[in-house]
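S.K.: Questions regarding the structure given below will be posed in turn.
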Amino acid sequence: MSETKYAVAAVGNALVDVLAQVSEEFITQQQEENGMEKGAMTLVEEVRAVDLYTKMPEGTETSGGSAANTMAGFASFGGKGVFIGKVADDALGKAFTDDIRAQGIAFDTAPLVLGAPTGRCMILVTPDADRTMNTFLGASVELSPNDIDTNTIASASVTYLEGYLFDREQAKQAFIAAAEAAHEAGHRIALTLSDPFCVDRHRSDFLKLVENHVDILFANEEELKSLFLQDNFDDAVSAISEHVEIAAITRSEKGAVIIANGEQIKIDAVPVDKVIDTTGAGDQFAAGFLYGFTEGKSLEECGKLGAIAAAEVISHIGPRPAVKLADLAA
């Protein structure tokens with residue numbers, strides 16, 4: 001096993017998040033006009049992204065992307081991490097770069113000089129705290145195996161892969177390159193499935209990745225059932241236990257289940273006064289779990305740290321912690 005410089009290296013979409021609170025009627029209208037899926041992530045082209053942006057109420061803008069959000073939470077716990085993702089050489093790309101570095105996360109992926117602009121995700125939050133995401137991937141999908149610094153991957157205890165990035169063939173190749181570099185160095189690969197619709201689009205390839213390259217799987221209940229085409233949660237749990245060392249499955253208000261060595265560890269959800277926005281709940285659960293895991297804590301402790309982080313992020317607008325997670329953990 002090679003010496004580690006980082007606890008976690010994350011590979012994912014480098015996006016700028018635009019968040020706004022909207023009515024159910026707004027979502028219904030957009031469903032009728034553009035086929036938007038409430039509660040899911042829909043990929044949109046640049047023209048649609050611009051149109052939706054003009055129709056959205058005024059909101060907040062912050063650097064984002066699922067794995068980048070996880071790394072922000074991981075750093076908030078005190079973890080040392082590095083992010084690999086593609087932005088363009090433009091204003092939004094510079095803003096993303098400055099922001100992620102300011103949080104103590106290493107980020108050195110070369111920007112895209114010619115081509116698509118930096119990607120952005122428009123997140124619509126309804127009164128029920130559900131989030132509907134419309135993502136223009138832009139430069140983020142240009143990430144290729146050439147952007148995977150194998151020395152960086154080999155120097156991380158865990159490499160964390162974002163399922164949202166799986167839509168392009170060259171991104172799939174980048175995942176394989178990262179997995180091979182990590183395992184050659186004697187380190188682990190973690191994957192988050194990200195979204196049930198993402199799983200539906202790439203089920204066969206996801207299954208191959210999980211079976212051949214993944215040690216730790218993060219998913220929510222619906223994503224796991226989608227992966228194995230199961231209607232019953234227990235059947236899906238039985239299926240995943242045969243393929244990975246550890247699976248951490250979130251179940252909203254039911255908490256989470258950690259599956260390892262044929263056993264299930266149930267993690268209670270941390271109560272919050274009011275759920276404001278569920279954006280980033282899974283990302284932050286992964287942040288807490290990975291922090292605990294790389295610090296050598298028990299799987300139950302890892303799950304509890306994940307629950308603490310998830311509870312914090314759903315108590316306010318936005319996918320990243322509003323307070324220092326290390327303080328909450330203490």
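The values are calculated or read from the model by the stated rules, or taken from the named source; none is laboratory data. The structure displayed is predicted, hence computed values, not measured ones. Positions of Cβ are generated from backbone atoms using ideal geometry, with glycine treated the same way; all protein chains shown enter the neighbour counts.
Rundown of residues vs (1) surrounded by fewer than 17 Cβ atoms within 10 Å (Cβ to Cβ); (2) within 11 Å of ILE84 (Cβ to Cβ), yes/no style:
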site: PHE107; (1), (2): no, yes
site: ALA110; (1), (2): yes, yes
site: ALA116; (1), (2): no, no
site: ILE123; (1), (2): no, no
site: ASP130; (1), (2): no, no
site: PHE136; (1), (2): no, no
site: ALA139; (1), (2): no, no
site: GLU162; (1), (2): no, yes
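S.K.: Now for a separate question. Would you be able to say whether some residue in the range 162-181 is in contact with a strand residue (DSSP E or B) (Cβ under 8 Å, 6 or more places away or on another chain), modelled with pLDDT of 90 or more and either of a type in the set (Asp, Glu) or under 16 Å from ASN69 (Cβ atoms) (or both)?
M.R.: Within the range 162-181, one or more residues are in contact with a strand residue (DSSP E or B) (Cβ under 8 Å, 6 or more places away or on another chain), modelled with pLDDT of 90 or more and either of a type in the set (Asp, Glu) or under 16 Å from ASN69 (Cβ atoms) (or both).
S.K.: Answer with yes or no whether GLU312 is in contact (Cβ under 8 Å) with a residue 24 or more places away in the chain, surrounded by fewer than 15 Cβ atoms within 10 Å (Cβ to Cβ) and on the phi < 0 side of the Ramachandran plot.
M.R.: Taking the combined requirement at face value, the residue does not satisfy it.
S.K.: Here's another thing I want to ask about it. If you take the residues in the range 69-79 that are in contact with a helix residue (DSSP H, G or I) (Cβ under 6 Å, 6 or more places away or on another chain) and buried (at least 17 other Cβ atoms within 10 Å of the Cβ), which one is nearest to TYR6 (Cα to Cα)?
M.R.: GLY79
S.K.: Within the range 175-207, how many residues turn out to be part of a helix (DSSP H, G or I), free of Cβ contacts under 8 Å to residues at least 60 places away in the same chain and not small (Gly, Ala, Ser)?
M.R.: 11
S.K.: Enumerate the pairs (first residue in the range 29-55 and closer than 19 Å to CYS198 by Cα; second residue anywhere and part of a helix (DSSP H, G or I)) with beta-carbon separation below 6 Å, excluding pairs fewer than 6 apart on the same chain, so at least 6 apart or on different chains.
M.R.: MET36/GLN30; LYS38/ILE27; ALA40/PHE197
S.K.: Ok, one more. Out of PHE218, PHE175, which single residue is in contact with a helix residue (DSSP H, G or I) (Cβ under 6 Å, 6 or more places away or on another chain) and of a type in the set (Phe, Trp, Tyr)?
M.R.: PHE218
Listed here are the residues, each with its yes/no results for (1) among the hydroxyl-bearing types (Ser, Thr, Tyr); (2) surrounded by fewer than 17 Cβ atoms within 10 Å (Cβ to Cβ); (3) at negative phi.
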position	(1), (2), (3)
VAL257	no, no, yes
ASN261	no, yes, no
THR279	yes, no, yes
PHE289	no, no, yes
PRO319	no, no, yes
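S.K.: Inspect the range 80-89 for any residue being part of a loop (DSSP other than H, G, I, E, B), of a type in the set (D, E, K, R) and either crowded, with 21+ Cβ neighbours inside 10 Å or without any contact (Cβ under 8 Å) to a residue 40 or more places away in the chain (or both) and give the result as yes or no.
M.R.: Yes, because at least one residue in the range 80-89 is part of a loop (DSSP other than H, G, I, E, B), of a type in the set (D, E, K, R) and either crowded, with 21+ Cβ neighbours inside 10 Å or without any contact (Cβ under 8 Å) to a residue 40 or more places away in the chain (or both).
S.K.: Looking only at the range 142-152, which residues are crowded, with 19+ Cβ neighbours inside 10 Å and touching an Asp or Glu at 6+ places or on another chain (Cβ under 9 Å)?
M.R.: Result: THR152, single match.
S.K.: Would you be able to say whether some residue in the range 208-228 is assigned to a loop (DSSP other than H, G, I, E, B), charged (D, E, K, R), at pLDDT 95 or above and within 26 Å of GLY81 (Cβ to Cβ)?
M.R.: Within the range 208-228, one or more residues are assigned to a loop (DSSP other than H, G, I, E, B), charged (D, E, K, R), at pLDDT 95 or above and within 26 Å of GLY81 (Cβ to Cβ).
S.K.: Additional query: In the range 239-262, which residue that is in a helix (DSSP H, G or I) and closer than 18 Å to VAL199 by Cβ is modelled with the lowest pLDDT?
M.R.: Top of the filtered list is SER252.
S.K.: In the range 1-60, how many residues are in a strand (DSSP E or B), closer than 24 Å to THR97 by Cα and either of a type outside the set (D, E, K, R) or over 23 Å from the mean Cα position of the chain (by Cα) (or both)?
M.R.: So the count comes out to 14.
S.K.: If a residue must be of a type in the set (A, V, I, L, M) and over 21 Å from the mean Cα position of the chain (by Cα), how many such residues does the range 244-282 contain?
M.R.: Number of matching residues: 3.
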